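One structure below.
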Amino acid sequence: MIRVQREDFDFGQEVAALSAGNKGVGGVCAFSGLVREMAGETEISAMTLEHYPGMTEKALAEIEAEAQTRWPLEKTLIIHRYGRLEPGDQIVLVAASSAHRDAAFDACRFLIDWLKTEAPFWKLEESEKGASWVEAKDSDTQAQARWLEKDQED
Amino acid sequence: MKILYFSWVRDKTGVSNEELTPPVSVTTVESLIDWLKEQSAGHAQAFTDVSVIRAAVNQEHVKLQHPVGPDDEVAFFPPVTGG
């Protein structure tokens with residue numbers, strides 16, 4: 001399931017729903033991303049997430065479908081927030097449930113790695129110095145590339 | 001053609017979206033960028049360094065050599081930073 005929303009979400013409730021009523025589930029793995037108070041040496045007062053309505057939902061649905069084809073999963077969930085957030089606020093939640101832990105762990109990692117380089121979101125950080133757009137990290141591209149390298153090895 | 005801009009690309013062009021009719025010589029994302037650069041000083045500034053520009057055609061990531069047509073929705077933005 002995909003959700004792009006301004007509102008906050010309840011981590012426990014969302015993750016519980018991935019196994020609710022399904023006794024075939026042997027494990028659930030979840031990752032949530034939060035607004036960190038520091039960006040390097042700079043203290044952040046707020047962060048505004050912009051996105052591309054329409055393409056965002058499409059990109060997330062594709063990422064979820066890709067995970068579903070790669071691993072035997074029961075359920076997957078991607079929630080991504082947009083709008084103005086403050087340090088400590090939740091930004092994103094990805095989770096996967098499966099009969100066994102390996103698929104749940106791998107799918108969870110895959111979902112966040114791919115989302116970071118494919119989903120059209122942009123972060124604007126506010127600090128005492130003013131507002132500035134966050135630059136993409138090479139490490140994120142490399143994290144996605146690791147999955148592509150694995151594909152070639154398989 | 002519907003053209004959208006996000007993040008600092010929008011800050012520089014000064015518009016979030018516009019409906020434009022490029023000449024028939026514009027057939028790829030790359031040639032669209034060249035034409036857009038002539039439209040205003042802000043557009044020229046936004047596309048100064050094309051290596052930091054990413055594009056989507058009809059809401060799919062594409063390379064700059066990808067074709068574009070009059071009915072397409074084309075978006076320009078920096079590398080994404082969500083998650």
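The values are calculated or read from the model by the stated rules, or taken from the named source; none is laboratory data. On a predicted model such as this, the values are computed, not experimentally measured, just so you know. For neighbour counting, all protein chains shown are included, and Cβ atoms are generated from backbone atoms with ideal geometry for every residue, glycine included. Quick note on the areas: whole protein, heavy atoms, side chains included, nothing else; ligands and nucleic acids left out. Shrake-Rupley method; radii C 1.70, N 1.55, O 1.52, S 1.80 Å.
For chain B, what does -39500 (n - 2.57) per DSSP helix run (n ≥ 4), summed and divided by total residues, give at 222 nm, in deg cm²/dmol to the nearest 500?
-6500 deg cm²/dmol
Counting only protein heavy atoms, what percent of the accessible surface of chain A is carbon or sulfur at a 1.4 Å probe? Mind dumping the intermediate values first?
Numbers: 3960 of 8250 Å².
The computed percentage sits at 48.
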Can you list, largest first and rounded to whole Å, the semi-axes you get for region B:2-77 by taking the square root of 5 times each eigenvalue of its Cα gyration tensor?
-> 17, 13, 12
In square nanometres, what is the average projected area of the Cα convex hull of the protein assembly as shown?
-> 14.4 nm²
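What range in chain A is the longest one free of trypsin sites (Lys or Arg not before Pro) that are in a loop by DSSP and have at most 16 other Cβ atoms within 10 angstrom? Numbers along the way, then the final one.
Working: sites that count: A:Arg6, A:Lys23, A:Arg36, A:Lys129, A:Lys137.
The longest uninterrupted stretch comes out as A:37-128.
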Hey, if you put +1 on the Cβ of every Lys and Arg and -1 on every Asp and Glu Cβ in the protein assembly as shown, which of B:Leu64, A:Ala96, A:Ile78 ends up farthest toward the positive end of that dipole?
-> A:Ala96
Which parts of region B:41-83, residue by residue, lose 40 Å² or more of accessible area when the rest of the protein chains are there, as against the chain isolated (1.4 Å probe)?
-> B:Gln59, B:Glu60, B:His61, B:Val80, B:Thr81, B:Gly82, B:Gly83
Simple spin-label estimate for A:Asp89/A:Gln13, 7 Å along Cα→Cβ, in nm, reads 1.9 nm
Interface size A-B, as summed buried accessible area [1.4 Å probe, Å², nearest 100] = 1800 Å²
Using unit Cβ charges (K, R positive; D, E negative) and no other charged atoms, how large, in debye to the nearest 20, is the dipole of region B:2-77 about its Cα centre?
-> 200 debye
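What is the average number of partner chain Cβ atoms found within 10 Å of a Cβ in A:137-145? Intermediate results must be reported in sequence, preceding the final value.
Details: counts 2, 1, 0, 5, 1, 0, 0, 0, 0.
Per residue, the number of nearby Cβ atoms from other chains is 1 on average.
Which whole-number value in Å² is the accessible area per residue of the protein assembly as shown, probe 1.4 Å? Could the numbers behind the result be given before it?
Working: 12220 Å² over 237 residues.
Counting only protein heavy atoms, the per-residue value for the protein assembly as shown is 52 Å².
What pairs in A:Lys58/A:Lys137; A:Lys23/A:Lys116; A:Lys58/B:Lys37; A:Lys137/B:Lys12; A:Lys75/A:Lys150 have C-alpha atoms more than 25 Å from each other? Display every interim value, and only then the final one.
On the way: A:Lys58/A:Lys137 23 Å; A:Lys23/A:Lys116 32 Å; A:Lys58/B:Lys37 29 Å; A:Lys137/B:Lys12 22 Å; A:Lys75/A:Lys150 23 Å.
The answer is A:Lys23/A:Lys116; A:Lys58/B:Lys37.
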Computed for region A:61-154: size of charge dipole around the Cα centre, +1 on C-beta of each Lys and Arg, -1 on C-beta of each Asp and Glu, debye to nearest 20, value 260 debye
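Treating only the Cβ atoms of Lys and Arg (+1) and Asp and Glu (-1) as charged, compute the dipole magnitude of the protein assembly as shown about its Cα centre; round to the nearest 20 debye. Present the calculation step by step, with values, prior to reporting the outcome.
On the way: 23 positive and 40 negative charges, 66 e Å.
Taking the Cα centre of the protein assembly as shown as origin, the dipole is about 320 debye.
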Reduced to Cα centres, the span from region B:22-80 to region A:104-131 in Å works out to 24 Å
Lys/Arg Cβ at +1, Asp/Glu Cβ at -1, dipole of region B:2-77 taken about the Cα centre: which of B:Ser25, B:Leu4, B:Gly14 is farthest positive-ward?
-> B:Gly14
With Cα coordinates, the longest principal axis of chain A makes an angle with the long axis of helix A:101-118, in degrees rounded to 10, of 40 degrees
Cβ neighbours within 10 Å from other chains - mean over B:5-12 = 4
Averaged over A:50-57, number of beta-carbon atoms from partner chains that fall within 10 Å | 5
